[in-house]
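Novice: The structure is given below, and queries will be raised subsequently.
The values are calculated or read from the model by the stated rules, or taken from the named source; none is laboratory data. Small disclaimer: the values here were computed from a predicted structure and weren't measured. Reconstructed Cβ throughout: ideal geometry from the backbone, glycine too, with neighbour counts over all protein chains shown.
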Amino acid sequence: MSAGAKPIANTRSGTGIPTARLITWWVIASEIVIFGGLLASYVMHRIGHPEWAESASHTNTWAGAFNTFVLLTSSLCAVLAHKAADAHDGPRAARLLRLTALGGLIFLTVKGFEWAADFREGFVLSSGGFWSFYYTLAGLHGLHVLAGMIIMLIIASEAAKNQEMQRVECIGLYWHFVDIVWIFLFPLLYIAR
Amino acid sequence: MSTEVQHAEPGIFQKYFLSTDHKMIAMQYLFTGMAMALIGGFFAYVFRMQLGFPNQHVPGYGLVTPGKYNALVTMHGSIMIFWVAMPVLIAAFGNFLIPLMVGCDDMAFPRINRLSYQIFLLSALVLLASFLVKGGPFGGAWTGYPPLSAVGAYNLTPIGATLWLLAVALEFIAFLLGGINFTVTTMNSRAPGMKMYDIPLVVWMIVLASVIFMCSVGPLIAGAVMLLFDQTMSTGFYDPTRGGDPLLWQHLFWFFGHPEVYVVLLPALGIVAEVVAVFARKKIFGYKTVLYTTWSVGFLSFVVWAHHQFVAGIDPRMANIFSITTLLISVPITEMVFLYIATLYGGSIHLDTPMLWGLAFIGEFMIGGVTGIFLGSSGTDIYLHDSYFVIAHFHYTFVPIAIIAVYAGLTFWYPKMFGRMLNETLGKIHFWGTVIPFNVIFIPLFITGTAGDQRRVYSYAQFAEQSRPALQHLRTTSTIALLFMLAFQFVFIFNFFWSLRRGKRADANPWRSSTLEWTVPSPPPHGNFAELPIVYRGPYEYGLPGCAEDFAPQNVPDAALAGRSRA
Amino acid sequence: MTTEAHVQHPNYVKIWAILVVLLVVSVLGSMTHIRDAVLIAAFGVAVIKAYLVAKNFMHVNVEKRWVPYLLVVCLLFIAILLAGVAPDVMKNSGENWNKNPSSQSAPSVAGAATKNE
């Protein structure tokens, strides 16, 4: 198979959903159980350990809230990119995807400063039950943000040439999912004390 | 509609290492799985020699110390489930069969397919690397319970423990990717005219297995990250002195672990369905019922997991609930066995080698299933937990799944995969030489287990109340039977490789089967179909009146059926 | 391959503005220190925000029906996990028992262990 040539299998649509979007939904479904398992484990431990509230009070709510705002805005850019792709405007879709990725970069940078401050105060991964979960949850989420950014930039460079435009919506769907995970992580880790 | 795939003939590296062709990727999974089976089988030989002839030098290995014994049983279990059963049943058969059976030219995402094999190969290499590190491979059992698995000072295999965990995690990612590809291909890439109920059962089963895997593995991936941090970063997720809970791992593990056994069972059931229909020349009895029972088994498999934890200290009220659900799940499985038997009834049975394996699956799996009832009831499980009764039970389910059904599939599809026929006589010798010793290995273990023999103990010589010398002849019988069974596998290995070059050449449809993979040459060319097929009927139209042949292939229009002559 | 537009695009900026307002509400609620207000504000808002993103940004409601069903089933499996595990992990005491973590760590095994060859 020469690079870039798609098999007929990729172009058929027995369900009525194009294969790219179909595989995206299945990826999201599998991620729901991954994050769900970790979140459920945290919730059970947190409820069973009321004494963790003291540790939890040290998370930086303003950093968390700002990051929530950043991710919501980046989701807006992602869905506007989808709208541009539907209008067959590849360069505009690419610009919006790159803005979305920039939002991801801001998110990770803010988190970097936030964690640096936490480390200075002595709160690290092994500092106790709450902090172990905190870093694992936010870290796993951050890895997904990073992976999403990388894939998004690749898709943006194709869309700029009006190629593979169906992928703009798909990476957007993944990004919205990552945003929704954060929508739940924010109250869990920053508000519920 | 014809497909013209234009590209230059690939070089060796491109063809064998970088191919995105689903058939080549299937072969990669198959041969990797078979190689790992040799290793897993060798480990079984070593530890059974220790159990049958305690504390003596094992030929080809040496003396089995307690630490080595633990590592041997851990690696045997992990390898057989994750690096043999899953790659062969799901990835090899799934990759080879799905595009052919649904009538398209490849998987929907061939490059993701290739990536999934590469990640799988990496996982196997990471596991094998653990054999070479200080301390040796992980010895904390394939279930990896903390604190044993979390603390190197307890398991004495700290590097091996982390490598094992990484290998398992990589394997999970490989199968997530592969499984999603299978699901999307089956949902979307079917030939025109192939509706949901025209899909062959083996394809349905592999896809449902992939979906069950996908829905159950997530929490364990989360749990594995937590265990990794406990092993390497001094966290205390599973450490009760630091606010964690070892039971959490057990729950996360078995929440996946129980659906996992159905993940491997379903493809085996699918293979047997194909074989039974073809060699009884009869439609599957109740195709839709098979499907509906499979869906209900799939769902129920998510609510039975704590039957592995009855004596672990779980809430006794949960033990009640899980007993009930566990006994409930035996109902749909039994129904499936009845449906297969009903398919056979009144059929024109041809006892070719694939059919022998298929029939053996049904009989042996039934024994595994009924013995599970004693373990699924929390009362009897209090006594039987961690005894050899458990080992005998799960080998009476796993060996039919990972060995018997695999041989059924390999002997059935070998002509399609390699363009040659396997030798029937050798096939039958291999069959009897496997199935009879298999029973002689494990029936004694039901007896020793009921008498109280505990598993995961390298030698009873140190434990006076455990030693039961009167039963040693049963343990030794089991070991000797294993030696016979392993010896007969060389008959298959010889047959497999000899027939590759010297077997009778196979035509497109030597078994006169009606599914689409038998309409293309053996082996199929790149792109599979010179002309992509259109489907007119279901996959099991055998014994139809008014046809010249006794079967109606899926891709032949009704008008053209009567004119076909017996090949 | 050109994208066949399968959705009507609503006013996305308006949705975004609602999401930001909800974020502000949840943060303000957390500052009141009334426990119930905090929890309702935080998690109630989270559920609403998630629904808005799923419906308006991901267009889940115009997808084939089985897609949202699949996603809900995955959530259901997590709920089953919670239901099965919670009695063991969440509770620290009951009738006649207490889960008291040992105050000392486990005895060292370095000396007693058999060397693992």
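Let's see how each residue does on (1) at pLDDT 95 or above; (2) crowded, with 19+ Cβ neighbours inside 10 Å:
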position	(1), (2)
B:GLY346	no, no
B:LEU356	yes, yes
B:GLY368	yes, yes
B:LEU375	yes, yes
B:SER378	no, yes
B:ALA392	yes, yes
B:ILE401	yes, yes
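Novice: Additional query: Would you point out which residue out of C:LYS64, C:LYS55 is in a loop (DSSP other than H, G, I, E, B) and either in contact with a strand residue (DSSP E or B) (Cβ under 9 Å, 6 or more places away or on another chain) or without any contact (Cβ under 8 Å) to a residue 12 or more places away in the chain (or both)?
Specialist: The match here is C:LYS64.
Novice: Among (1) facing another protein chain (nearest Cβ under 9 Å); (2) closer than 21 Å to A:TRP115 by Cβ; (3) within 19 Å of the chain's Cα centre (by Cα), which single condition is A:TRP62 missing?
Specialist: (3)
Novice: Moving on. Residues A:GLY148, A:GLY142, A:GLY172: which one is without any contact (Cβ under 8 Å) to a residue 60 or more places away in the chain, crowded, with 21+ Cβ neighbours inside 10 Å and either more than 14 Å from every other protein chain (Cβ to nearest Cβ) or within 14 Å of the chain's Cα centre (by Cα) (or both)?
Specialist: Details: A:GLY142 fails: crowded, with 21+ Cβ neighbours inside 10 Å; A:GLY172 fails: without any contact (Cβ under 8 Å) to a residue 60 or more places away in the chain.
Exactly one of A:GLY148, A:GLY142, A:GLY172 is without any contact (Cβ under 8 Å) to a residue 60 or more places away in the chain, crowded, with 21+ Cβ neighbours inside 10 Å and either more than 14 Å from every other protein chain (Cβ to nearest Cβ) or within 14 Å of the chain's Cα centre (by Cα) (or both), namely A:GLY148.
Novice: Can you name every residue in segment A:9-28 that is part of a helix (DSSP H, G or I), at the interface with chain B (Cβ under 7 Å from one of its Cβ atoms), crowded, with 21+ Cβ neighbours inside 10 Å and of a type outside the set (S, T, N, Q)? Even if it seems obvious, please write down each step before you answer.
Specialist: From segment A:9-28, those part of a helix (DSSP H, G or I) are A:9-11, A:19-28; that's our starting set.
If we keep only those that are at the interface with chain B (Cβ under 7 Å from one of its Cβ atoms) as well, we get A:9-10, A:19, A:22-23, A:26-27.
Those left that are additionally crowded, with 21+ Cβ neighbours inside 10 Å: A:9-10, A:19, A:22-23, A:26.
Of everything in segment A:9-28, those that are part of a helix (DSSP H, G or I), at the interface with chain B (Cβ under 7 Å from one of its Cβ atoms), crowded, with 21+ Cβ neighbours inside 10 Å and of a type outside the set (S, T, N, Q) turn out to be A:ALA9, A:LEU22, A:ILE23, A:TRP26.
Novice: While we're here: Would you confirm, using the coordinates I've provided, whether B:GLY313 is within 14 Å of chain C (Cβ to nearest Cβ) and on the phi > 0 side of the Ramachandran plot? Steps first, please.
Specialist: On the way: within 14 Å of chain C (Cβ to nearest Cβ): yes; on the phi > 0 side of the Ramachandran plot: yes.
Answer is yes for this residue.
Novice: Could you please tell me which pairs satisfy a Cβ distance under 6 Å, a separation of 6+ or placement on different chains, a first residue in segment B:94-120 that is facing another protein chain (nearest Cβ under 7 Å), and a second residue that is acidic (Asp, Glu)?
Specialist: Once the first residue is facing another protein chain (nearest Cβ under 7 Å) and sits in segment B:94-120, its partners that are acidic (Asp, Glu) give B:PRO99/B:ASP106.
Novice: Take the residues in segment C:1-42 that are within 7 Å of chain A (Cβ to nearest Cβ), modelled with pLDDT of 90 or more and closer than 24 Å to A:SER57 by Cα; name whichever of them is nearest to the chain's Cα centre (by Cα).
Specialist: Applying the filter and picking the extreme gives C:LEU23.
Novice: If you scan segment C:79-96, which residues turn out to be more than 10 Å from chain B (Cβ to nearest Cβ) and touching a Phe, Trp or Tyr at 6+ places or on another chain (Cβ under 9 Å)?
Specialist: none
Novice: I'd like the full set of residues that are over 20 Å from B:PRO99 (Cα atoms) and among the basic types (Lys, Arg), limited to segment B:500-520.
Specialist: Once the filter is applied, which keeps residues that are over 20 Å from B:PRO99 (Cα atoms) and among the basic types (Lys, Arg), segment B:500-520 yields B:ARG501, B:ARG502, B:LYS504, B:ARG505.
Novice: Okay, next question. Among the residues of segment B:286-304, are any at pLDDT 95 or above, aromatic (Phe, Trp, Tyr) and in contact with a Ser or Thr (Cβ under 8 Å, 6 or more places away or on another chain)?
Specialist: Looking through segment B:286-304, at least one residue is at pLDDT 95 or above, aromatic (Phe, Trp, Tyr) and in contact with a Ser or Thr (Cβ under 8 Å, 6 or more places away or on another chain).
Novice: Return only the number of the condition from (1) out of contact with any Ser or Thr (no Cβ under 9 Å at 6 or more places or on another chain); (2) among the aliphatic types (A, V, I, L, M); (3) within 25 Å of B:PRO200 (Cβ to Cβ) that B:ILE480 does not satisfy.
Specialist: Here B:ILE480 clears every test but (3).
Novice: Evaluate the following for B:MET233: is it on the phi < 0 side of the Ramachandran plot and at pLDDT below 95? Before you say what the answer is, go through the steps one by one.
Specialist: Numbers: on the phi < 0 side of the Ramachandran plot: yes; at pLDDT below 95: yes.
It is true that B:MET233 is on the phi < 0 side of the Ramachandran plot and at pLDDT below 95.
Novice: I've got another one for you. Please determine whether any residue of segment B:280-289 is free of Cβ contacts under 8 Å to residues at least 40 places away in the same chain and of a type outside the set (Asp, Glu). If you could, list the steps in order and put the result at the bottom.
Specialist: First pass over segment B:280-289, keeping only residues free of Cβ contacts under 8 Å to residues at least 40 places away in the same chain: none.
Scanning segment B:280-289, I find no residue that is free of Cβ contacts under 8 Å to residues at least 40 places away in the same chain and of a type outside the set (Asp, Glu), so the answer is no.
Novice: Based on what the data block shows, is A:HIS45 assigned to a helix (DSSP H, G or I), crowded, with 24+ Cβ neighbours inside 10 Å, out of contact with any Ser or Thr (no Cβ under 8 Å at 6 or more places or on another chain) and in contact (Cβ under 8 Å) with a residue 12 or more places away in the chain? I'd like the intermediate steps shown before the answer.
Specialist: Working: assigned to a helix (DSSP H, G or I): yes; crowded, with 24+ Cβ neighbours inside 10 Å: no; out of contact with any Ser or Thr (no Cβ under 8 Å at 6 or more places or on another chain): yes; in contact (Cβ under 8 Å) with a residue 12 or more places away in the chain: yes.
Taking the combined requirement at face value, the residue does not satisfy it.
Novice: Tell me, yes or no, whether segment B:82-103 has at least one residue that is out of contact with any Cys (no Cβ under 9 Å at 6 or more places or on another chain), among the β-branched types (Val, Ile, Thr) and surrounded by fewer than 22 Cβ atoms within 10 Å (Cβ to Cβ).
Specialist: no
Novice: With the condition kept exactly as written, say whether any residue in segment B:289-305 is crowded, with 19+ Cβ neighbours inside 10 Å, in contact with a Phe, Trp or Tyr (Cβ under 7 Å, 6 or more places away or on another chain), farther than 30 Å from C:GLY94 by Cα and not hydroxyl-bearing (Ser, Thr, Tyr).
Specialist: Yes, that holds for at least one residue.
Novice: Scan B:ALA277, B:ALA273 and give me the residue that is crowded, with 22+ Cβ neighbours inside 10 Å, over 26 Å from B:THR143 (Cα atoms), more than 19 Å from the chain's Cα centre (by Cα) and at pLDDT 95 or above.
Specialist: After applying the criteria, what remains is B:ALA277.
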